[in-house]
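Colleague: Below is a structure I'd like to ask you about.
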Amino acid sequence: MSKKPDTTTAPKALLKAQKLANLLDTSIKLPFINFRIGADALVGLIPGIGDVLMLLVSLRIVMLGKKLGLPKGQLKVMVRNCVMDFGLGFIPVVGDIVDFFYKANQANVRIMEKYWVSNNKAAIDKNTQQKLNEWESTL
């Protein structure tokens, strides 16, 4: 007998995308200021090859979105975010500055999260209510 998939816990593809986006966009806290950057901003400083490498890694998040079952329209938006980030990276100096602020990978993960939550809302709400009832019974 096959086990029914758990629709109240984020799937592996979404969790992997979240980890990757955090690494790329927000993994490093800059000292003395409350601002975070990631590997994308740092590796993107390497002329040409850095931007190409980061594009390939960003497209991995798009592939995880496809694995999650996102519709083609949402996947196109995600690819557009990646290409825009890539294109901006080729503008000398300005592209590097923009890379510190434009978090394409985080935006793509938000698209994935919204899609997954909207498709599993009933199960998530039911599970949340059940957990709340269990907690209230312990008071």
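Colleague: Do the sum for the chain: with -39,500 (n - 2.57) for every DSSP H run of n ≥ 4, divided by all residues, what is the mean residue ellipticity at 222 nm, to the nearest 500 deg cm²/dmol?
Modeller: -24000 deg cm²/dmol
Colleague: Let me ask another. Ile49 to Ser118: extension gain in nm, 0.36 nm per residue of separation minus the Cα-Cα distance? Don't skip to the answer; put the middle values down first.
Modeller: On the way: separation 69, 0.36 × 69 = 24.84 nm, distance 3.75 nm.
The span from Ile49 to Ser118 would gain 21.1 nm if fully extended.
Colleague: So which chymotrypsin sites (Phe, Trp or Tyr not before Pro) in region 56-139 end up in coil per DSSP with only 13 or fewer other C-beta atoms within 10 Å?
Modeller: Phe90
Colleague: In a Gaussian network model over the chain where Cα atoms closer than 10 Å are linked, find which of Leu75, Leu42, Leu30 has the largest mean-square fluctuation.
Modeller: Leu30
Colleague: Between Phe101 and Leu139, what is the label-point separation in nm under the 7 Å Cα-to-beta-carbon projection?
Modeller: Placing both labels 7 Å along Cα→Cβ, they lie 4.5 nm apart.
Colleague: Would you mind computing Rg(Cα) / (2.2 N^0.38 Å) for region 30-113, counting N as its residues?
Modeller: On the way: Rg = 13.1 Å, N = 84, 2.2 N^0.38 = 11.8 Å.
It is 1.11.
Colleague: Figure the gain on full extension for Asn34 and Phe90 (residue separation times 0.36 nm, minus the Cα-Cα span) and round it to one decimal in nm.
Modeller: Separation in residues times 0.36 nm, less the Cα-Cα distance, equals 17.5 nm.
Colleague: While we're looking at this one, here's another question. Please compute, for the alpha-carbon atoms of region 41-80, the extent along each of the three principal axes and give them in descending order in Å.
Modeller: Extents along the principal axes, in whole Å: 34, 15, 13.
Colleague: Now for a different question. Which one, Ser58, Ser118, Ser27, has the greatest fluctuation when you compute a Gaussian network model over the chain with C-alpha springs under 10 angstrom?
Modeller: Result: Ser118 has the largest fluctuation of those listed.
Rule-based calculations on the coordinates, nothing more; no lab input. Because the structure is predicted, anything quoted here is derived from the model rather than measured. Positions of Cβ are backbone-derived with ideal geometry, glycine not excepted, and every protein chain shown enters the neighbour counts.
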